[in-house]
Amino acid sequence: MIALVDCNNFYASCERVFNPAIRNKPVVVLSNNDGCVIARSAESKALGIKMGEPHFMIKEQVKQHGIEVFSSNYTLYGDMSNRVMKTLAEFTPNLEVYSIDESFLDLGHFFGKDLQTYAWEIKNTVLNWTGIPVGVGVAKTKTLAKIANRLAKKSSKANGVLVLQEPEHVKAALERTEVEDIWGIGKQNARLLKHHNINTAYDLTQQNDSWVKKNLTIVGLRLVKELRGEPCLQLEEVDPPKKNICTSRSFGTPVKSLCGLEEATALYAAKCAYKLRQQGSCASAITVFITTNTFANTKQYYNSRTIQVPTPINSDLHLIHYASIVLKSIYVEGYIYKKCGVIVSGLVPENTMQLGLFDGADTGKHRDLMHALDGLNKKYGQAMVKSAAQGSSKAEWLLKREYISPCYTTKLSDVPVARL
DNA sequence: TCTGGGGTCCTAGGACCC
DNA sequence: TCTGGGGTCCTAGGACCC
C-alpha cells in the first residue's frame, strides 16, 4: 500500500505557523513579482478567490474581506518542507518526495498494521511537530492514493484521512471522481474523454486497453492500469539528476536597455551554474530567451537562441560569458522587455567529463574558485560574493515583493540584509 | 499600472545509415 | 502496372505535473 501525504494550502499554512494573528483569517500567497494568487487558505477559497487570479483583479475583495496577502517566501517554504519530509521519513524507510508539499510513502511493510490508525498517526504527528496540516490518502497504487487523498480532503466524514482498501470502496471512489480530477488527465484529455462519454474514473477503467493506448498513448494506459489497482509507477526514492535546468524571472520594472538585460541574464546564468554544481553536472549547451510583456498592448518581440559550448561548464564566470554572447545576438533595441531566462542543457556528470582537445576553460582553477565562492555565500548569505556583471542588489528590474514575510526559520534570508 | 516559474515524458516526422 | 526493409538519432511540439 502507498500513502500520499499532501500539505493543505501549503504556502498559506507556512505563513500561519509563525503568525498566529492570521490563523482564522483568509490568507493568500502571490506568485513571484506579486503577480497571481498561488495559494489560498480555506477561508479565501470560500470567498471565491480563484487559483491563478491576478492580484490586481482581487484588490477590492482583499480590502472588503480583510484578506491577508503575502509575497512568496521560498526560503521559508523550502525549510518548512524539509521539516515535514523529515517527519514523514520517521514513518517509512521508503519515501518519495514528489514536490515541495507532497510525498509518497511506501507502507508495504506495515501491511499487518491497521492502516487507518497509522494514517491518522502520520497526520497528527506532522501537525504536532511542524504546525502544518496535511491530508493522507492510502491505496494500492500512486494514482489511487492521489484519488484517496483528494477525497480525504473533500469529505467531512473522512476529515483528511482516507484508506481505499476494499474493492467496493475503491469502486465508489472511482465513481465519485470526474476524469478531469485524475492525476495525469489534463484539460485536453478530459475534453476528449467527455466527448466519448467517459465521465468518471470508473468509466475510464472500463475502456479496453487498445482504445486507451491509441487515444491517450502509453502514458494513459499506465494510468488506467493504476486506476484498476495494478502498479505501473514505481516509488522514486532518489531523484534522478535533472536533464535541463532553467532560471527565469519577470522583471519588477520593465527593461529597455541591453545593459539591464545583461545584468539579469548574468544573474540567472550564475543561478543556473550554482544549480549545476549542486547536482554535480556540467552543461554543454546554453539557451537565452528574452520577451516583451505578452499582456501589454505594445510592440511584441520574443527570441531565443541556443549555443553549444566547446567544453562542458559549471562555473559562474563561464556561464555568464556565454550567456552574454547569446543575449547580444538576439537583443533588438526599441522594445520593452518584461522577462528573460537562461536554460542549460546537455548535462553531463562533472567528474567523468570529456575534456576538449584544445581545452582553454581552465577547468581546475574554476572548480576551486567556485568551491570557495559557494562556501562564502553559504556562510555569509546568498550572492554575498558574486560577479560584477550581475549588477546591484538594488536594481529596479529585481522581483517585486511588497508583502514578504520574515524568514522565520533560517538565519539568512535570501533578501540580503547585511553587506560585507 | 498590474497576469509565475520550473520541470518531465511521449510522439511524429525528418535525416541519415546499411 | 510496377519503385525494399529495417533501423537509429534528433528535434519540435504537445500534454502533463507541482
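Each reported figure results from applying straightforward, stated rules to the coordinates on display, with no laboratory input. Just so you know, these numbers come straight off a predicted model, no measurement behind them. Reconstructed Cβ throughout: ideal geometry from the backbone, glycine too, with neighbour counts over all protein chains shown.
Descriptive notes on the structure:
- Rounded to 10°, Cα long-axis angle of helix A:363-380 versus longest principal axis of chain A: 70 degrees
- Cα-based Rg of region A:68-123 normalised by 2.2 N^0.38 Å, two decimals: 1.38
- Our coupling estimate for region A:236-245, obtained by passing each phi through the Karplus curve with A = 6.51, B = -1.76, C = 1.60 and θ = phi - 60°, is 9, 6, 9, 6, x, x, 5, 9, 9, 9 Hz, Gly and Pro reported as x.
- Evaluating 6.51 cos²θ - 1.76 cosθ + 1.60 at θ = phi - 60° for every residue in region A:119-127, the Karplus couplings come out as 4, 5, 4, 4, 4, 5, 5, 4, 5 Hz, glycine and proline recorded as x.
- Region A:219-292: equivalent-ellipsoid semi-axes (sqrt of 5 x gyration tensor eigenvalues, Cα, Å): 38, 18, 10
- Here the simple spin-label model places points 7 Å from the Cα toward Cβ, and for A:Glu90 and A:Val17 these points are separated by 1.4 nm.
- Sites A:Ser257 and A:Ser345 - FRET efficiency at Förster radius 25 Å, r taken between beta-carbons, to 0.05: 0.35
- Region A:245-390 has equivalent-ellipsoid semi-axes of 28, 17, 12 Å, by the square roots of 5 times the alpha carbon gyration tensor eigenvalues, sorted largest first.
- Loop chymotrypsin sites (Phe, Trp or Tyr not before Pro), region A:196-299 (other Cβ atoms within 10 Å of the site Cβ: 13 or fewer; DSSP): A:Phe295
- For A:Cys282, nonlocal amide neighbours, meaning residues 5 or more places apart or on other chains whose placed amide H falls under 5 Å from its own, are A:Val348, A:Glu350.
- Across region A:246-255, rounded Karplus estimates of 3J(HN,Hα) from the backbone phi angles (6.51 cos²θ - 1.76 cosθ + 1.60, θ = phi - 60°) give 10, 10, 8, 8, 7, 8, x, 10, x, 10 Hz, Gly and Pro being marked x.
- Dipole-positive endmost among A:Ile185, A:Leu398, A:His318 within chain A (Cβ charges, Cα centre): A:Leu398
- Convex hull volume per residue in cubic angstrom - Cα atoms of chain A: 185 Å³
- In a DSSP loop and with at most 14 other Cβ atoms within 10 Å, the trypsin sites (Lys or Arg not before Pro) in region A:152-236 are A:Lys157.
- For region A:181-278, the relative contact order comes to 18 percent (Cα pairs under 8 Å, sequence separation of at least 6).
- Taking chain A as a Gaussian network of alpha-carbon nodes connected by springs under 10 Å, the highest mean-square fluctuation of the residues A:Val163, A:Val309, A:Val344 belongs to A:Val309.
- Summary of the geometry: region A:272-301 and region A:89-111, compared by the centres of their Cα atoms, lie 34 Å apart.
- Coil-residue trypsin sites (Lys or Arg not before Pro) of region A:247-356, DSSP, other Cβ within 10 Å capped at 15: A:Lys256, A:Lys299
- The relative contact order of region A:26-164, computed from alpha carbon pairs under 8 Å that lie at least 6 residues apart in sequence, is 15 percent.
- Degrees between helix A:209-227 axis and first principal axis of chain A (Cα, 0 to 90, nearest 10): 70 degrees
- Here the sum of -39500 (n - 2.57) over DSSP H runs of 4 or more residues, divided by the residues of chain A, equals -12000 deg cm²/dmol at 222 nm, to the nearest 500.
- Amide H contacts of A:Lys400: A:Asn33, A:Gly252, each under 5 Å away and 5 or more positions distant or on a separate chain (H built 1.01 Å from N in the peptide plane; Pro and chain starts excluded).
- Contact order normalised by residue count of chain A, Cα under 8 Å, 6+ apart, percent: 16 percent
- Under 5 Å, built H, 5+ apart or other chain: amide partners of A:Thr200: A:Val179
- Gain on full stretching of the segment that runs from A:Lys328 to A:Ser392 - 0.36 nm per residue minus C-alpha separation: 21.0 nm
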